[in-house]
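Below: the structure, in structure tokens.
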Amino acid sequence: QVQLVESGGGLVQAGGSLTLSCVASGRTFSPYGMGWFRQAPGKEREFVAAIKWSRGIPEYADSVKGRFTISRDNAKNTVYLQMNSLKPDDTAVYYCAASYDHYLTVRYGYSDWGHGTQVTVSS
């Protein structure tokens, strides 16, 4: 079983930046891709960004394109989410997840999930 642990969340003012990290541990880790999702109070969990593990090809939700950057360090089993120009609408719990399938932009494509890290953006 794979364990995913997120870190880096916190409180930031609008326009600020945060970098989230997610470290994977456990059995041999070889996903097809890694993703970040977020869930705001009263809303569904939504796709934010994903990256193909071997080739490093990213995908982004339209709402974060140009502001967020996903990257990975295969040697450290770590995926990052650099978030710039943060807005109050970005406030949510952010989850990282591992996919062993090819569906990287939908929740059902992921089978391993972290517990999440809170990001709060004040106006």
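The table below gives the values:
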| quantity | calculated |
| --- | --- |
| Extent along principal axes [Cα atoms of the chain; Å; largest to smallest] | 42, 26, 23 |
| In region 1-74, the GluC sites (Glu not before Pro) that fall in loop regions by DSSP, at most 15 other Cβ within 10 Å | 44 |
| Derived scalar couplings ³J(HN,Hα) [region 108-123; Karplus, 6.51 cos²θ - 1.76 cosθ + 1.60; whole Hz; x for Gly, Pro] | 6, x, 10, 10, 10, 10, x, 8, x, 9, 7, 10, 10, 10, 8, 8 |
| Centroid-to-centroid separation of region 10-37 and region 98-123 [C-alpha atoms, Å] | 9 Å |
| Fraction of accessible area attributable to carbon and sulfur, region 47-123 (%, probe 1.4 Å) | 46 percent |
| For peptides 10-18, 90-98, sequence by mean Cβ density within 10 Å, most packed first | 90-98, 10-18 |
| Accessible area (Å², per residue) of the chain, counting only protein heavy atoms and a probe of 1.4 Å | 52 Å² |
| Region 56-61 - phi-based ³J(HN,Hα) in whole Hz, Karplus 6.51/-1.76/1.60, Gly and Pro as x | x, 7, x, 9, 9, 5 |
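The values are calculated or read from the model by the stated rules, or taken from the named source; none is laboratory data. Keep in mind the model is a prediction, meaning the values are calculated, not measured. Neighbour counts are summed over all protein chains in view; Cβ atoms, including those assigned to glycine, are modelled from backbone coordinates with ideal geometry. Accessible surface is based on the protein model in full, side chains and every heavy atom, while ligands, DNA and RNA are left aside. Shrake-Rupley method; radii C 1.70, N 1.55, O 1.52, S 1.80 Å.
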